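Reading through the structure tokens given below for one structure.
The values are calculated or read from the model by the stated rules, or taken from the named source; none is laboratory data. Just so you know, these numbers come straight off a predicted model, no measurement behind them. Glycine also receives a Cβ, built like all others from the backbone with ideal geometry; neighbour counts cover every protein chain displayed. Note: accessible area is taken over every heavy atom of the protein model, side chains too, but ligands, DNA and RNA are not part of it. Shrake-Rupley method; radii C 1.70, N 1.55, O 1.52, S 1.80 Å.
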Amino acid sequence: MNTQTPMPRATLQDVAREANVSSATVDRVLNGRDGVRARTREVVLQTARRLGYISESSTPENSAQTPTTIQLAFLLPAGTNAFINTLHQQIEAQAAARPDLSVKITRIEGFNPQTVAAHLLALRGQVAGVGLIAQDHPLVREAIRALAQSGTQVLTLATDIQSVPRLAYVGIDNRQAGRLAGQLMGRLLPANQPAKAALFAGSLAYRGHEEREMGFRHILREEFPHIQILELREIMDDRQRAMTETSALLNQHPDLAAIYNVGGGTSGIASELRARGLEHRVVFVCHEATESNKAFLLDGTVDAVIDQNPRVEAREALNLLTAAARGQPYTYIPPRLQLVLRENLPDE
């Protein structure tokens with residue numbers, strides 16, 4: 001029996017190389033957009049037909065092999081987390097400005113791995129790429145593997161999931177962020193005087209929260225051993241739960257000197273500090289320069305915010321998934337870790 005290995009299908013990048021133009025030019029031609037000279041357009045179409053990227057009868061308007069719209073999906077945790085809400089808005093706004101993309105954002109129960117896995121598996125064969133924020137859990141990892149095996153590109157946002165076939169992780173170095181929080185707290189508290197510090201997290205099932213805690217603990221142990229870290233309290237990024245846990249903590253430790261919140265729920269912690277008149281006594285370091293956190297910086301309830309830029313994360317996620325769907329290379333530009341104080345509040 002004579003069997004032949006089929007030739008691999010040409011990619012958009014192959015067409016660009018053979019036509020001696022950029023990938024962006026090929027994309028504009030095949031999607032029927034303006035901004036390309038007539039002769040260049042003709043060369044690109046001839047090359048695409050010769051390589052079999054489009055059929056001989058295809059035109060930019062009717063080419064079935066070159067769809068004009070790339071279908072993408074994002075799975076983000078539901079709830080009141082202001083950073084997640086801002087990221088949602090940024091993805092939505094940037095996608096709306098790109099006619100080549102069709103993006104659906106779904107908010108789901110982020111602390112339930114069964115729910116996350118079910119949503120991921122339902123996307124098999126439906127979209128070209130998926131971006132998600134999820135817990136690093138066996139069910140989620142298996143769902144990502146199944147989704148990637150079906151041909152869908154997957155990337156993680158803000159918190160990573162390792163040992164899976166993901167396209168990329170888009171976010172800050174969370175362990176570095178935790179170390180930065182610890183170093184700042186150690187500098188703000190009196191030198192070499194015993195002090196108690198509290199830790200709050202959304203859920204340590206999120207790798208990003210776990211890495212922040214790890215970095216925080218490491219630098220305090222290395223450089224500020226006089227600071228005692230109290231037990232960590234998980235607040236599920238919930239404002240009311242944060243208030244309740246802060247109240248219980250302060251009742252148990254009225255001499256508390258500092259708080260580091262690695263996740264959401266900052267407004268609940270801040271409200272309880274204000275209610276007790278402790279907003280200028282307890283050093284408070286948190287994450288994300290949201291509008292409410294900016295207000296806490298201005299009135300002194302929060303001393304410092306460690307920020308990651310949701311606008312940049314949305315842009316990079318869309319660019320990475322789009323390039324992967326088209327078979328194009330893309331150089332990822334990671335968001336910068338930024339320390340925000342009252343004197344350098346960002347404009348957006």
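Check segment 151-162 and report whether any residue there is open to solvent by less than 30 Å² (accessible area, probe 1.4 Å) and on the phi > 0 side of the Ramachandran plot. The answer is yes; a qualifying residue exists. Scoring Ala323 on the criteria (1) out of contact with any strand residue (DSSP E or B) (no Cβ under 7 Å at 6 or more places or on another chain); (2) under 23 Å from Asp237 (Cα atoms) leaves a single failure, condition (2).
Here Met185, Met214 are screened, and the one residue that is buried (at least 22 other Cβ atoms within 10 Å of the Cβ), modelled with pLDDT of 95 or more and not charged (D, E, K, R) is Met185. Here Gln94, Gln71, Gln114 are screened, and the one residue that is within 20 Å of Ala324 (Cβ to Cβ), in a helix (DSSP H, G or I), at pLDDT 90 or above and open to solvent by 20 Å² or more (accessible area, probe 1.4 Å) is Gln94.
Looking at Val302, Val340, just one residue is open to solvent by less than 20 Å² (accessible area, probe 1.4 Å), at pLDDT 95 or above and in contact with a Ser or Thr (Cβ under 8 Å, 6 or more places away or on another chain), and that residue is Val302.
Checked against (1) out of contact with any helix residue (DSSP H, G or I) (no Cβ under 6 Å at 6 or more places or on another chain); (2) at pLDDT 95 or above, Ser150 meets all criteria but (2). For segment 30-43, the candidate set comprises residues that are hydrophobic (A, V, I, L, M, F, W, C) and over 16 Å from Gly327 (Cβ atoms); within that set, the residue that is nearest to the chain's Cα centre (by Cα) is Val36. Does any residue of segment 141-149 turn out to be open to solvent by less than 70 Å² (accessible area, probe 1.4 Å), under 20 Å from Ser203 (Cα atoms), in contact (Cβ under 8 Å) with a residue 24 or more places away in the chain and touching a strand residue (DSSP E or B) at 6+ places or on another chain (Cβ under 9 Å)? Looking through segment 141-149, none of the residues is open to solvent by less than 70 Å² (accessible area, probe 1.4 Å), under 20 Å from Ser203 (Cα atoms), in contact (Cβ under 8 Å) with a residue 24 or more places away in the chain and touching a strand residue (DSSP E or B) at 6+ places or on another chain (Cβ under 9 Å). Just for segment 231-265: of the residues that are touching a Phe, Trp or Tyr at 6+ places or on another chain (Cβ under 7 Å) and without any contact (Cβ under 8 Å) to a residue 40 or more places away in the chain, which one is nearest to Gly79 (Cα to Cα)? So, considering only residues that are touching a Phe, Trp or Tyr at 6+ places or on another chain (Cβ under 7 Å) and without any contact (Cβ under 8 Å) to a residue 40 or more places away in the chain, the one nearest to Gly79 (Cα to Cα) is Ile235.
Would you pick out the residues in segment 325-337 that are surrounded by 11 or more Cβ atoms within 10 Å (Cβ to Cβ) and touching a residue at least 60 places away in the same chain (Cβ under 8 Å)?
Result: Ala325, Arg326, Gly327, Gln328, Tyr332, Pro334, Pro335, Leu337.
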